[in-house]
Each structure stands twice: as C-alpha cells, then as structure tokens.
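Quick notes on the structure that follows.
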Amino acid sequence: MTTSRIHWIENGEERTALWRSESGWPAPKKVVLADDTMNADAAYRHALDGTALLWRGDFQNARQLLQALVRRIEHKGARNKRAKAPAKAATLTEQFHRHRLAQLQRARTLAMLLIPFEADYTIPLRRAPEVREACAEAYGPGSEPFVASLRELLGVIGAHEWRRKGVFIPALDERIHPWYGVFSPVRGEYVELVAQAPLPAGATAGVAFDIGAGTGVLSAVLAHRGMQGVIATDMDERALGCARANVERLGLQGQVEIVKADLFPQGRANLVVCNPPWLPGKPSSAIEYAIYDPDSRMLRGFLAGLKEHLLDGGEGWLILSDLAEHLGLRSREQLLGWIAAAGLEVAGRHDIRPVHPKASDADDPLAAARMAEVTSLWRLKIAG
C-alpha cells in the first residue's frame, strides 16, 4: 500500500491529506475539485491527462460518473478494435502484454476519481454509504483524514461482502471467508485437485506443509482429509490473519498451525503443498501478487527448497495452471528443467479443466489461451 500526502487548492488555500492506494499508485500531482456540475466528457479528459478529480458533490452521482468513465473507455477500446487490422497477426504473448497494458491504463484512468474520508472512515458527502466497518477491515484502525480513489473504495466494499458471505467450498461443505487483499478461492478446480489426489502412504499420521496459505483453504482441505498436523505459511499479514480466522471458524485450530515464513517452515513433512501464482510477471496491485509471480520467484523457490523439506517417501504437490505456457511466458521444458535441477522427479500428475466463466468466453482477449488451459497437480518426489 502507498501512503503519502496529496495536495490541492480549495477556496484559495492549499490543502493536504493522507493519500491511500492499495494499488501502489503515487499521489496525483494535479488535482481539481469536481462536483455534480461536471459532465462525463470533461471528467474523462481530465483523467486521461492525469488530473485527479477530488469529489465534492453527491456520492451516488460520483458512482454514476465512474460508470460513465467506464463506458467511454470501453467505447474507445471497441473503436480501436474496428481499426484496420495489422498486416501480421499478434502472437498470444503479444496479445497478453497488450491486454495487461490496456488493463493498467484503464485502472489508472478510473483511479483519478477521488473520495475524501474522515479519520473514522465516514465520507463527508451527500448520500454517502456507511463504510466504516469495511474500511476498518481493509485498513485497520483509522488515524487521520485521507483521500482514496472511488474505485478502490468500491473494491473495499465488495471485499467486505465476500468476507461476510464467504465462498462455498464443496470439498469442505463449508464456507471460506476471504479478507480484503487475500485471493478468494473462487476458482474451485485447484481446491478439488487437492481434495481428490491420493495422499502419500502414511501421510495422515504425519505433518503437511501448506506453502503460501492465503485464505487457508488448502490447509482446511488437508485437515478435512485427516491430516493430523498442517503447518501453513505466508508472509502477508492479511493472509495470516485470514487463514487463522478461517481455521478457527471451521474448528480446525487443533490440526492447523499458521506460521509467518518465507516459503518453508522449519523441518520436514510427508506432504508439502504449494499453489504459487500461475503467471510470471509484475503485479500492479496487492491482490495481483496471488496471480503474478515476478521472475517465477515463488515457483522456483518452492522447487529448489522442496527436497530439503520432504521426508523419505513424501511428496510435494505443485498446483499450477499451464496458462503461462499457452501465453508463451514459460515453457513446459523450462518447468521440467527446474524440477530436475532441484533433484526431483514427477511421480504423477492430475489434471482438471477450469470451469470459470472466462474459460468459455469467446470475447475474452485471451480466449484462445484460456480455452486450452489445464490446471494440474504435479506429484513430486525426491529423485531416486
């Protein structure tokens, strides 16, 4: 999260406030006041120019303005698609990088509409919603007035609803409640793989490690399958708190221990499970650290350290999508090379096709890769 100061002129005086951005955006250098009299075209021009709009009007009108900005971005994108096609068709890798750039530009433009907050997370605008509980969950105790983007606030509100309602996990017949900034287990195929893969002989009597626990869903599944001890690790404080809360809610705290660690805890285990981010790349926000793994750091770190943390006869379960391979971001040969270089071999592999909406959306910019995607559980053991 970025916290700095934002400055603007109001009623002829210079004003300042704390700036919050979970996406890591720096405080805008240019800020103008905006209210219900500003039309969407003027707001769009300001946003494209990098000028932020600090809202002083009706809150619900700000939401409508944000929707109008979305429509203008989508209209511009559709117009660009209708433009003359290039002489040479773009590769999937080129399409991916263009898609990422377009996403980044869209996010930056929409982040230009700003909302003021009081220190107790009330919003001093007409018809503003009650967001104190949602903001306290995301940011912790309030300290002083601040400014943040309306788009980020809507993400905080949405995360609060996910946390309240939870995500139903068939393998547990229970709900997992994700916190703001912690990746939600809405793509259930990887959970199903961990729920169905055969456990190593005698594994339930020993210990399992869950590397990068996130919400704690895989630790809960392993405990549900009879593992007497699971040590779940993560480095993110929100993830650690989220995993602890879910484990306690499910009554599994006697089986699952949550530990702050960079990848592995101390010792060895019969089973070591890791579901790293599936795409090599640079995250552009906190939540994207669950999707993008810079230079495949977590994936390579897991493989390199696995041998030293497996008991004889134990297995490492690597849950990984092959989307990166279809996008040309990583090859299967590269993955197998890392496995072999770590002194490991593949004991088996279990595959499943994704069922999320994008997997069958022909209009998705990356449709060709998504429709070919397979998620796999690689069963790894020490090479004999």
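The values are calculated or read from the model by the stated rules, or taken from the named source; none is laboratory data. Not measured: the values here are computed from a predicted model. Here Cβ is always computed from backbone atoms with ideal geometry, including for glycine, and neighbour counts include all displayed protein chains.
Here Asp210 meets the list (1) in a strand (DSSP E or B); (2) at pLDDT below 95 almost entirely, failing just condition (2).
Condition check ((1) assigned to a strand (DSSP E or B); (2) in the same structural domain as Ala243 (by TED's automatic domain parsing)) across all residues:
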position	(1), (2)
Ala134	no, no
Pro141	no, no
Ala148	yes, no
Glu152	no, no
Val156	no, no
Leu172	no, yes
Arg175	yes, yes
Pro178	no, yes
Val182	no, yes
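For every residue, the table says whether it meets (1) of a type in the set (Gly, Ala, Ser); (2) more than 22 Å from Ser285 (Cα to Cα); (3) surrounded by 19 or more Cβ atoms within 10 Å (Cβ to Cβ).
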| site | (1), (2), (3) |
| --- | --- |
| Ala102 | yes, no, no |
| Arg106 | no, no, no |
| Met112 | no, no, yes |
| Phe117 | no, no, yes |
| Ile123 | no, yes, yes |
| Arg126 | no, yes, no |
| Ala136 | yes, no, no |
| Gly142 | yes, no, no |
| Pro145 | no, yes, no |
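For the stretch 84-117, which residues satisfy the criterion of being farther than 30 Å from Ala34 by Cβ and either among the β-branched types (Val, Ile, Thr) or modelled with pLDDT under 85 (or both)? Passing the criteria: Lys84, Ala85, Pro86, Ala87, Lys88, Ala89, Ala90, Thr91, Thr93. Might you check whether a residue that is assigned to a strand (DSSP E or B) and touching a Lys or Arg at 6+ places or on another chain (Cβ under 8 Å) occurs anywhere in the stretch 261-277? No, every residue in the stretch 261-277 fails to be assigned to a strand (DSSP E or B) and touching a Lys or Arg at 6+ places or on another chain (Cβ under 8 Å). Among the residues of the stretch 1-50, the ones that are in a loop (DSSP other than H, G, I, E, B) and under 16 Å from Arg108 (Cα atoms) come to 11 in all.
Within the option set Leu335, Leu320, Leu271, Leu299, being among the hydrophobic types (A, V, I, L, M, F, W, C), out of contact with any Leu (no Cβ under 6 Å at 6 or more places or on another chain), surrounded by 18 or more Cβ atoms within 10 Å (Cβ to Cβ) and over 30 Å from Arg163 (Cα atoms) holds for one residue only, Leu335.
For the stretch 184-202, a residue qualifies if it is farther than 17 Å from His160 by Cβ, under 20 Å from the mean Cα position of the chain (by Cα) and in a loop (DSSP other than H, G, I, E, B), and the qualifying residues are Pro185, Arg187, Gly188. Per the listing Trp55, Trp25, Trp8, the residue uniquely within 26 Å of Pro145 (Cβ to Cβ), modelled with pLDDT under 90 and not assigned by TED's automatic domain parsing to the domain that holds Ala324 is Trp25. The set of residues in the stretch 346-374 that are free of Cβ contacts under 8 Å to residues at least 40 places away in the same chain and farther than 15 Å from Ile319 by Cα comprises Pro357, Lys358, Ala359, Ser360, Asp361, Ala362, Asp363, Asp364, Ala367, Met371.
Cβ separations smaller than 9 Å between residues 6+ apart or across chains give the following pairs from the stretch 169-184 residues that are among the acidic types (Asp, Glu) to residues that are part of a loop (DSSP other than H, G, I, E, B): Glu174/Gly166; Glu174/Leu250.
Scanning the stretch 323-332 for residues being of a type in the set (Gly, Ala, Ser) and surrounded by fewer than 13 Cβ atoms within 10 Å (Cβ to Cβ) gives a total of 1.
Applying the set (1) modelled with pLDDT under 95; (2) surrounded by fewer than 17 Cβ atoms within 10 Å (Cβ to Cβ); (3) at positive phi to Lys282 leaves exactly one unmet item: (3). Considering only the stretch 212-268, state which residues are of a type outside the set (A, V, I, L, M), crowded, with 19+ Cβ neighbours inside 10 Å and either outside the structural domain of Glu189 (by TED's automatic domain parsing) or in contact (Cβ under 8 Å) with a residue 60 or more places away in the chain (or both). Hits for the stretch 212-268 are Gly212, Gly214, Cys242, Asn246.
Against the numbered list (1) charged (D, E, K, R); (2) over 21 Å from Gly202 (Cα atoms); (3) touching a residue at least 60 places away in the same chain (Cβ under 8 Å); (4) buried (at least 17 other Cβ atoms within 10 Å of the Cβ), Arg379 comes up short only at (2).
Here is the figure for the stretch 338-366: residues that are surrounded by 16 or more Cβ atoms within 10 Å (Cβ to Cβ) and at pLDDT below 90 total 4. Number of residues in the stretch 185-211 that are in contact (Cβ under 8 Å) with a residue 12 or more places away in the chain and under 15 Å from Leu377 (Cα atoms): the value is 15.
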